[in-house]
Amino acid sequence: MSGTRAAGVDLGYPGERLGLPKEGAGSVSRFGRRLGAITVDWLICTWAITRGLLGADPRSAGWIGLGVFALEYILLVGTLGSTLGMKLFGIRVAALDGGRPPFGSVLLRTLLLCLAVPALIWDRDQRGLHDRAAGTVVVRG
């Protein structure tokens with residue numbers, strides 16, 4: 001084991017620097033919940049909507065599924081604060097003050113999420129680069 005924790009440095013819990021609680025409602029959502037939510041959203045967007053409603057094959061026209069995914073995120077996170085998958089897993093996107101993120105932040109976050117790489121690079125508060133750039137955090141509902 002290596003790193004700062006192994007060296008005896010206490011970095012606190014994820015979200016402590018942001019003033020969030022350690023556990024329960026309003027605490028930083030953990031990786032498992034986020035992965036579950038995005039998997040549900042991706043399946044809904046690519047198979048149920050793209051294939052079922054639009055009749056397009058997401059394997060040959062992947063951009064259609066990605067476009068539906070982006071539209072779902074913009075509409076649902078922009079109005080409700082969470083997508084269908086997030087609701088199912090009990091998480092939501094919040095501004096750093098705990099309220100609903102502004103629409104511009106939702107647009108930026110969605111664009112970077114669709115690029116995938118920014119969402120895969122996290123800080124010690126378990127916020128991806130897309131969350132840091134948009135000034136958001138994913139918290140438990």
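The values are calculated or read from the model by the stated rules, or taken from the named source; none is laboratory data. Fair warning: this is a prediction, and the values are worked out from it, not measured in the lab. Don't worry about glycine lacking a Cβ; one is built from the backbone with ideal geometry, like all the others, and counts go over all protein chains shown. Keep in mind that these areas ignore ligands, DNA and RNA; they rest on the heavy atoms of the full protein, side chains included. Shrake-Rupley method; radii C 1.70, N 1.55, O 1.52, S 1.80 Å.
In table form, for the structure just shown:
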read-out	value
Extension gain, residue 88 back to residue 61 (0.36 nm per residue minus Cα-Cα distance, nm)	7.0 nm
Residue-count net charge about residue 106 - beta-carbon cut-off 14 Å; Lys, Arg +1, Asp, Glu -1	+1
Angle between the chain longest axis and helix 62-79 axis [Cα atoms, degrees, rounded to 10]	60 degrees
Efficiency of FRET from Cβ geometry, residue 23 and residue 116, R₀ 25 Å, rounded to 0.05	0.30
Semi-axis lengths (Å, descending) of the ellipsoid that matches the C-alpha gyration tensor of the chain	29, 16, 13
For the chain, the longest site-free run once trypsin sites (Lys or Arg not before Pro) in DSSP loop states with at most 16 other Cβ atoms within 10 Å are removed	60-123
The stretch 65-141: translational diffusion in µm²/s, Stokes-Einstein, Kirkwood Rh over Cα pairs, 10 °C, 1.306 mPa s	131 µm²/s
Heavy-atom surface of the stretch 84-124, accessible at 1.4 Å and reported per residue (Å²)	57 Å²
Leading residue at positive end of dipole, the chain (Cβ point charges), from 83, 66, 13	13
Helix 103-115 vs. the chain, principal-axis angle (Cα, 0 to 90°, nearest 10)	80 degrees
Accessible area of the chain belonging to carbon and sulfur atoms, whole % at 1.4 Å probe	65 percent
